[in-house]
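Below you'll find the structure, written out as structure tokens, and then a few comments.
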Amino acid sequence: MGRRARLRASLGAWLRRMGRRHWYGEGALHLLLMLASFALTGYAGLRLLDGDEWPLVVVWFVGAALVHDLVLLPLYSLADRAVCAATAGAGRHRAWTAYVRVPAVLSVLLLLVWFPLIAGSAGTPAGAAARYELATGLPGEEFLARWLLITAGLFGLSALLLLGGAAAPRLRGAAARARRRRATKRRSAPSGR
């Protein structure tokens, strides 16, 4: 067996092990995606820390981690428990919580990203709000109304999906009953003649 054949065989064995989730615990595609995301994150980190403001980036990152772990995590855990308690009682399904969670998380994420403009601090000449306004080309007064419209749209779409999911079994049941009636009429029609 030549060197190329041995290399090909060992690479094939390694790929089969990766496909069986033997060594890594997930498939080869997952590993490839994780490596690509780490490479992208490393590149973005190097670009962020390249300028003169890298101490501010480090302080912001540490501060964001602390605020998330000490303030935001308890708050949204408490909110999630309240939503679970509200949707679990009175015959409602616990699966309904996803129809509240997803639009709420997206709305809060948009609020956190665009907070300087949504809060109305875009009138200040310096700072992050002015940079956001310059980057988007929109006046700062419009961001609160747009965020509220997006939030209402997200919850409205979620409500439509919930209604569609709740109505689907009823519609399937009605369609099945109609098919049974038609089949019964077809069988009884020849025998009645």
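The values are calculated or read from the model by the stated rules, or taken from the named source; none is laboratory data. Quick caveat, the model's predicted, so the values are computed rather than measured. Here the Cβ is made from the backbone with ideal geometry for all residues, glycine too, and neighbour counts use every protein chain on show. Side chains are part of the model used for accessible areas, which takes the heavy atoms of the whole protein and leaves out ligands, DNA and RNA. Shrake-Rupley method; radii C 1.70, N 1.55, O 1.52, S 1.80 Å.
What the table below lists for this structure:
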| quantity | calculated |
| --- | --- |
| All positions within segment 149-170 that are open to solvent by less than 70 Å² (accessible area, probe 1.4 Å) and within 18 Å of residue 105 (Cβ to Cβ) | 151, 152, 153, 154, 156, 158, 159, 162 |
| Cβ pairs under 8 Å, 6+ apart, first in segment 143-166 and over 14 Å from residue 98 (Cα atoms), second open to solvent by 40 Å² or more (accessible area, probe 1.4 Å) and in a helix (DSSP H, G or I) | 147/110; 147/111; 150/110; 151/110 |
| Long-range neighbours under 7 Å by Cβ, at least six apart or interchain, first residue more than 21 Å from residue 100 (Cβ to Cβ) within segment 58-85, second outside any helix (DSSP H, G or I) and open to solvent by 100 Å² or more (accessible area, probe 1.4 Å) | none |
| Boolean, residue 122 is at pLDDT below 70, more than 23 Å from residue 167 (Cα to Cα) and either part of a loop (DSSP other than H, G, I, E, B) or touching a helix residue (DSSP H, G or I) at 6+ places or on another chain (Cβ under 9 Å) (or both) | yes |
| Top-ranked residue in segment 41-63 [being assigned to a helix (DSSP H, G or I) and either under 20 Å from the mean Cα position of the chain (by Cα) or charged (D, E, K, R) (or both); ranked as modelled with the lowest pLDDT] | 47 |
| Extreme residue, modelled with the lowest pLDDT, among residues of segment 125-153 that are out of contact with any helix residue (DSSP H, G or I) (no Cβ under 6 Å at 6 or more places or on another chain) and of a type in the set (Asp, Glu) | 141 |
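For (1) open to solvent by less than 100 Å² (accessible area, probe 1.4 Å); (2) among the aromatic types (Phe, Trp, Tyr); (3) touching a Cys at 6+ places or on another chain (Cβ under 6 Å); (4) farther than 17 Å from residue 108 by Cα, each residue gets a yes or a no:
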| site | (1), (2), (3), (4) |
| --- | --- |
| 50 | no, no, no, yes |
| 53 | no, no, no, yes |
| 56 | no, no, no, yes |
| 61 | no, yes, no, yes |
| 64 | yes, no, no, no |
| 68 | yes, no, no, no |
| 76 | no, yes, no, no |
| 80 | yes, no, no, no |
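To keep it simple, each residue is scored yes or no on (1) within 23 Å of residue 160 (Cα to Cα); (2) open to solvent by 60 Å² or more (accessible area, probe 1.4 Å); (3) in contact with a helix residue (DSSP H, G or I) (Cβ under 7 Å, 6 or more places away or on another chain).
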| residue | (1), (2), (3) |
| --- | --- |
| 37 | no, no, no |
| 40 | no, yes, no |
| 47 | no, yes, no |
| 102 | yes, yes, yes |
| 107 | yes, no, yes |
| 118 | no, no, yes |
